[in-house]
Structure formats: structure tokens, C-alpha cells
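Below: one structure, written as C-alpha cells.
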Amino acid sequence: MELNIIVLVKQVPDTRNVGGQAMNADGTINRAALPAVFNPEDLNALEQALLLKDKNPGSRVVVLTMGPGRAADILREALYRGADEAILLTDRAFAGADTLATSYALSMAVRRIGCFDIVLCGRQAIDGDTAQVGPQVAQMLGVPQVTCVRNIVSLDNSFAVAERSIENGVEVVKAPLPLLVTVEGTAASCRPRNAYRMLRFHRAATPTELSADGFRYTEQLQADEALCIKEWNLQDIAGDASRCGLSGSPTKVRNVENIVFKVKESKRYTAADGDLKALVAELLDNHTIG
Ligand SMILES: Cc1cc2nc3c(=O)[nH]c(=O)nc-3n(C[C@H](O)[C@H](O)[C@H](O)COP(=O)(O)OP(=O)(O)OC[C@H]3O[C@@H](n4cnc5c(N)ncnc54)[C@H](O)[C@@H]3O)c2cc1C
């Protein structure tokens, strides 16, 4: 069975290596101090896609990201590891998007790609950390979703069977296609870059990169369509501007506060019943829980 597989991938600041320079004085992220990386769980999602492709020769894996021009780096990374086609969704109209506006733009781009059997994405991005985008995209596409998947066990013409993590165990779920799956970090790690693919795809570029590059690789690009990273804007996905970017974002950030814990603000509790009761009472009291 030849599958049409789409993987949503996001470039994120590497929040696992936050140093003292990570935040600007005004509370915004100092992106220069945080290297941009492939969102870790999106690599797990890519591997699930490539495993499906291995089992179903002739299948096609398309990677899609919404972000600024530099996000093309993770698309090349996906091509090195086995993706067949890459699309960058980029437009000033998408700037300032919250998860709802991000999901809208991504779902419109998926519609533009056309027929698909399965959309895979990471469970959660390490910067926004909401885990909302996958479920929202599924809802906007009108397809079922299976979240927190650690393994896609099988997939035939009509159904996929997947193992998903739940508290204290694993649930095996059967869901009809087409389907959206969010993949978590316990799933198989992504295969490494392939040396031959690196030689071929290091020249892959978006039209914007090409024009900045003085069309150095134009001839190779004409000879190998897979080297063209597609670049789509709002018009290309027939998007409604009022549902994109800031104007399509109901989330409004009122204030961003830097919190640095000091030693004197920390408390030590033992596992004794009395300590645990005191901790719960304090958390209830200051409305952290309850
Ligand atoms: C008011 C507001 C304004 C914001 N403005 C900006 C801004 O100007 N610039 C900015 O970069 N961020 C901005 N953000 C953050 C942005 O909304 C989130 O990064 C984005 O919606 C994804 O949410 P998340 O990181 O929680 O993803 P999650 O829901 O945790 O991600 C789950 C999965 O969805 C997929 N996914 C998520 N985002 C993308 C993407 N962009 N492309 C492809 N796949 C994706 C990935 O597979 C990912 O693993 C803003 C947020 C808010 C609330």
C-alpha cells in the first residue's frame, strides 16, 4: 500500500540548554543565545513516518513547517534522514500566531498538500509546550486523532493500530484512516542522517534562499525537483488573514515575568505523612492546586 504521509515539524530554541543569557531584560527570549533545533518529539514523529514508508514501499513522506526562513534548516535535516519533500509555510501574516492560528495555517497547508493517509506530529514542542497543535489540526481537518503514541503497530487500507502511553500503562488503539497521530519521546529515536542523502540535499533550498545565494545551484535544482523546498504564503494556502497571526490569536499575553528562585525560598519536605499533608495544604492555600 502506497501511503501519503505528512509530518509537522517545528524549529524551536533549545530550551534544554538554557543559560544565563537566555532571556532579554524585557522578558522576551534572546534567540541569539539559544541555538535553534529540531523539536525533539518531531524527530520521533519523523521516524514513525519513515518506518511506515519502509514497510510500504512507494509511500511518500512530506515534511511541513510554519516558521521564518531559517526554519528551512530543519526541513533539510528531515531530507537528510529520509523525507521525500519539504514545505516551508512562511508569511508575515503568520507572525504572532498562538496555537489556534498556528493550527489553522497548518491545517490549510495540509489541505493544500491534498490527499493524505496519516498526519504525524510531535506530542509537544519544547518552547510553547502546550501540546495543543496536533489535536487542533486534527479537529480542523475533521479527522480522528490518537495522541501520545509510542509505536504505530500496523496500518492497512482502513485502520491504524497504535500503542499510546497512559498513566501507569499502555493503551492499544485502533483508529480509522485518514488520521492524525501525535508521537511522544518514548517512541523510537530518529535514524541518523544518511551520508548519500546529505551529499544530495545539502543543496536543497527555498526560492528565497536561492535568490540570496545568487542562484548558485539553479542548474542542479532544475535537474532534481526534490531539491526545491517549497515556500508557501497565505495566498498559497487560500488562508483567511483574520484567522492567522496576531489577528487570529485569541491568546493575549498580558505580562511576562522572570522568576529566579533563591535558596531561601526553597523548602525541604520528607516523605513523611505530616510533611506531605503540610505541602498539600500549602499548595491548596496559595491556589497552586485545587
Ligand atoms: C499570543 C501569542 C503570540 C505568539 N507569537 C509568536 C511569534 O510571534 N512567533 C513564534 O515563533 N511563536 C509565537 N507564539 C508561540 C506559538 O503560538 C507556538 O509556538 C505555536 O502555536 C505552537 O505551539 P506549541 O509550541 O505549544 O506547540 P505544541 O502544540 O506543543 O506542538 C505540538 C506539535 O505540533 C507541531 N507544531 C507546532 N508548531 C508547529 C509549527 N510552527 N510548524 C509545524 N508544526 C508545528 C509539531 O509537530 C509539534 O511537536 C505565540 C504564542 C502566543 C500565545
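The values are calculated or read from the model by the stated rules, or taken from the named source; none is laboratory data. The model shown is predicted, which means the values in this text are computed figures rather than measured ones. Positions of Cβ are generated from backbone atoms using ideal geometry, with glycine treated the same way; all protein chains shown enter the neighbour counts. Ligands, DNA and RNA are stripped out before the accessible areas are found, and what is left, the full protein with its side chains, is counted by its heavy atoms. Shrake-Rupley method; radii C 1.70, N 1.55, O 1.52, S 1.80 Å.
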- Output for region 124-140, where each listed residue is near the ligand (Cβ under 6 Å from one of its atoms), in a helix (DSSP H, G or I) and either open to solvent by 40 Å² or more (accessible area, probe 1.4 Å) or not small (Gly, Ala, Ser) (or both): Val133
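So that you can scan it fast, the table gives a plain yes or no per residue for (1) free of Cβ contacts under 8 Å to residues at least 12 places away in the same chain; (2) open to solvent by 30 Å² or more (accessible area, probe 1.4 Å); (3) away from the ligand (no atom under 12 Å from the Cβ); (4) under 20 Å from Pro192 (Cα atoms):
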site	(1), (2), (3), (4)
Met66	no, yes, no, no
Gly69	no, yes, yes, no
Ile74	no, no, no, yes
Ala86	no, no, no, yes
Thr90	no, yes, no, no
Leu100	no, yes, no, no
- Query: In region 106-123, what count of residues is obtained for those that are near the ligand (Cβ under 8 Å from one of its atoms) and in a helix (DSSP H, G or I)?
  - Reply: 1
- Message: Under 6 Å between Cβ atoms, which residue pairs at least 6 apart in sequence (or on different chains) link something in region 117-130 that is farther than 18 Å from Ser165 by Cα with a partner that is near the ligand (Cβ under 8 Å from one of its atoms) and assigned to a strand (DSSP E or B)?
- Response: Ile126/Val12; Asp127/Val12
- Query: Can you name the condition, by its number, that Gly82 falls short on among (1) open to solvent by 30 Å² or more (accessible area, probe 1.4 Å); (2) more than 10 Å from the ligand (Cβ to nearest atom); (3) in contact (Cβ under 8 Å) with a residue 60 or more places away in the chain; (4) closer than 27 Å to Ala195 by Cβ?
  - Reply: (1)
- Residue set Ala241, Ala175; condition among the small types (Gly, Ala, Ser), at pLDDT 95 or above and within 16 Å of the ligand (Cβ to nearest atom); output residue Ala241
- Message: Here are the criteria: (1) within 16 Å of the ligand (Cβ to nearest atom); (2) at pLDDT 95 or above. Tell me which single one Arg197 does not satisfy.
- Response: (1)
- Of the residues in region 1-21, those that are more than 30 Å from Asn157 (Cβ to Cβ), open to solvent by 30 Å² or more (accessible area, probe 1.4 Å) and either away from the ligand (no atom under 14 Å from the Cβ) or hydrophobic (A, V, I, L, M, F, W, C) (or both) number 6
- When only residues in region 26-41 that are in a strand (DSSP E or B) and modelled with pLDDT of 85 or more count, which is farthest from the ligand (Cβ to nearest atom)? Val37
- Among the residues of region 141-171 satisfying the criterion of being in contact (Cβ under 8 Å) with a residue 60 or more places away in the chain and either hydroxyl-bearing (Ser, Thr, Tyr) or outside any strand (DSSP E or B) (or both), which is surrounded by the most Cβ atoms within 10 Å (Cβ to Cβ)? Asp156
- Quick check: is even one residue across region 46-56 within 11 Å of the ligand (Cβ to nearest atom), in contact (Cβ under 8 Å) with a residue 12 or more places away in the chain, over 16 Å from Gly122 (Cβ atoms) and outside any helix (DSSP H, G or I)? no
- Residues of region 256-279 classified as free of Cβ contacts under 8 Å to residues at least 24 places away in the same chain and either open to solvent by less than 70 Å² (accessible area, probe 1.4 Å) or part of a loop (DSSP other than H, G, I, E, B) (or both), total: 15
- Query: Is there any pair with a first residue in region 200-213 that is without any contact (Cβ under 8 Å) to a residue 40 or more places away in the chain and a second that is open to solvent by less than 10 Å² (accessible area, probe 1.4 Å) and of a type outside the set (Val, Ile, Thr) whose Cβ atoms are under 6 Å apart and which are 6 or more apart or on different chains, and what are they?
  - Reply: Arg203/Leu227
- Message: Would you confirm, using the coordinates I've provided, whether Gly290 is on the phi > 0 side of the Ramachandran plot, small (Gly, Ala, Ser) and loosely packed, with under 14 Cβ neighbours inside 10 Å?
- Response: yes
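May I ask you to list the residues in region 235-255 that are of a type in the set (S, T, N, Q) and assigned to a loop (DSSP other than H, G, I, E, B)?
Gln235, Ser249, Thr251, Asn255
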- (1) more than 30 Å from Asn30 (Cα to Cα); (2) modelled with pLDDT of 90 or more all hold for Ala223 apart from (2)
